[in-house]
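To start, the structure itself, in structure tokens.
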Amino acid sequence: MQTRKSLLTGAVVLLAVALSVAQAQEPRRADATADEQAKLPTPQVELPPKPFKTAEEHYKYLLEKAHGGTKHTMSTIPVWGGLWASGNNTMPAIFLVNGSLSNAWKPGAKIKEGVLTPPYEKQYRERRAEVEKFGEQLYDRLTNCEYPGVPRWLWEPYIKEFVNMPDQSWLMNDMMNETRRIYIGAEHVNTEAKHFPLGDSIGFWDGDKLVIWTKWVNPADYVRGMPLTSNQFEMVETWQERHNASGARLLVTQATFYDPLALVKPQSAVYTHESRPDLKKDGVRIRTWECDSSSNSYKAADGSTQFYLPGDPQYKNPRGFTDFPDLPGQSLNPIFDAQ
């Protein structure tokens with residue numbers, strides 16, 4: 001019995017195993033869905049101060065303008081404490097006419113021509129044709145426990161935490177336990193001679209603004225329904241805490257994407273994260289994400305996402321399993337064990 005489910009339905013089944021994530025996504029505020037997030041106010045995109053051919057040129061220019069960067073101590077470093085959730089962003093508008101979060105992976109949107117290089121635009125048209133035909137992208141890397149990677153990290157719709165120190169910043173995401181480590185005042189290092197899901201990131205402070213350059217990123221995509229990125233993708237970001245009209249804390253990220261194999265020229269977008277003291281008050285915490293032993297999704301021969309359901313021989317209990325089910329105390333959910 002191998003019944004096909006939609007990608008969205010299957011994703012919900014997969015994500016249900018991560019209790020803290022599910023808790024963080026309860027519709028407590030107007031930003032609980034992508035459609036509603038798309039209606040949130042978004043700051044203007046701040047383009048680079050001048051055109052740059054490479055991320056390296058961009059980053060080094062900003063570093064020079066900042067006179068080598070602000071040397072913070074633990075008493076002066078900006079503190080972005082608490083839990084944060086993704087707000088609105090302008091990335092879909094790069095690739096779709098009137099693009100927004102509400103139509104990034106839905107039918108009816110028109111592709112902007114000339115933004116992607118010919119081979120990447122061809123592939124993107126095939127992806128969007130699939131969305132038009134089936135109402136969704138049939139396969140998404142998340143359902144197979146694959147890391148979303150960069151730049152998708154910027155808008156994964158789950159909670160994040162941020163820790164700034166003079167020598168490093170840790171940008172921590174609930175989903176997939178993706179922690180970006182930003183090495184302050186350092187150079188890029190790659191002893192493994194390979195690419196990585198989150199690449200390698202270095203940065204510096206310009207007052208209260210964190211500037212980041214990321215490279216050596218695994219090829220992935222911007223988000224479901226958006227184009228692919230190549231292994232030449234690099235990104236320059238600036239992060240700064242601001243306040244919205246109601247006085248609530250807001251993190252604003254201005255990002256410029258460099259990808260000579262996929263983009264005709266560099267593209268820029270703005271992302272936001274909103275402070276969520278309500279989630280902290282409710283006791284939400286980032287937990288360890290694990291889906292290898294509990295995911296029931298697989299990629300079928302036709303390239304679509306399929307799901308094993310209860311009764312299938314391959315079905316796994318989404319709460320996980322143990323190698324010694326007959327021994328007492330081997331349940332992965334002891335709070336539900338009979339006394």
Mind checking which residues of segment 233-274 are assigned to a loop (DSSP other than H, G, I, E, B) and closer than 26 Å to L138 by Cα? F233, D259, L261, A262
Residues in segment 210-225: is at least one over 13 Å from the mean Cα position of the chain (by Cα), of a type in the set (S, T, N, Q) and over 18 Å from L62 (Cβ atoms)? yes
Would you confirm whether or not segment 282-301 contains a residue that is closer than 27 Å to Y59 by Cβ, of a type in the set (S, T, Y) and either assigned by TED's automatic domain parsing to the domain that holds P49 or surrounded by fewer than 12 Cβ atoms within 10 Å (Cβ to Cβ) (or both)? no
From the residues in segment 172-199 that are at positive phi and either assigned to a helix (DSSP H, G or I) or free of Cβ contacts under 8 Å to residues at least 24 places away in the same chain (or both), which one is farthest from the chain's Cα centre (by Cα)? A193
Odd one out for G247 among (1) at pLDDT below 95; (2) under 30 Å from E130 (Cβ atoms): (2)
Which pairs have Cβ atoms under 7 Å, sit 6 or more apart or on different chains, and link a residue in segment 134-148 that is more than 26 Å from A109 (Cα to Cα) to one that is in a loop (DSSP other than H, G, I, E, B)? C145/C291; C145/D292; C145/S295; Y147/E178; Y147/P197
Right, P51: under 30 Å from N244 (Cβ atoms) and either of a type in the set (A, V, I, L, M) or in the same structural domain as G185 (by TED's automatic domain parsing) (or both) or not? no
What are the residues in segment 151-171 that are of a type in the set (A, V, I, L, M, F, W, C), part of a loop (DSSP other than H, G, I, E, B) and closer than 20 Å to C291 by Cα, if any? I159
Where the second residue is hydrophobic (A, V, I, L, M, F, W, C) and the first is free of Cβ contacts under 8 Å to residues at least 40 places away in the same chain and lies in segment 307-318, which pairs have Cβ atoms under 7 Å and are six or more apart or on separate chains? Y315/L309
Out of everything in segment 94-110 that is among the polar types (S, T, N, Q) and buried (at least 19 other Cβ atoms within 10 Å of the Cβ), what residue ends up being modelled with the lowest pLDDT? N103
Hey, can you tell me all the residues within segment 111-141 that are part of a loop (DSSP other than H, G, I, E, B) and either in contact with a Pro (Cβ under 7 Å, 6 or more places away or on another chain) or at pLDDT 95 or above (or both)? K112, E113, G114, V115, T117, G135
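The values are calculated or read from the model by the stated rules, or taken from the named source; none is laboratory data. Keep in mind that what you see is a predicted model, and the values were worked out from it rather than measured. Using ideal geometry, Cβ is built from the backbone for each residue, glycine included, and neighbour counts are taken over all protein chains shown.
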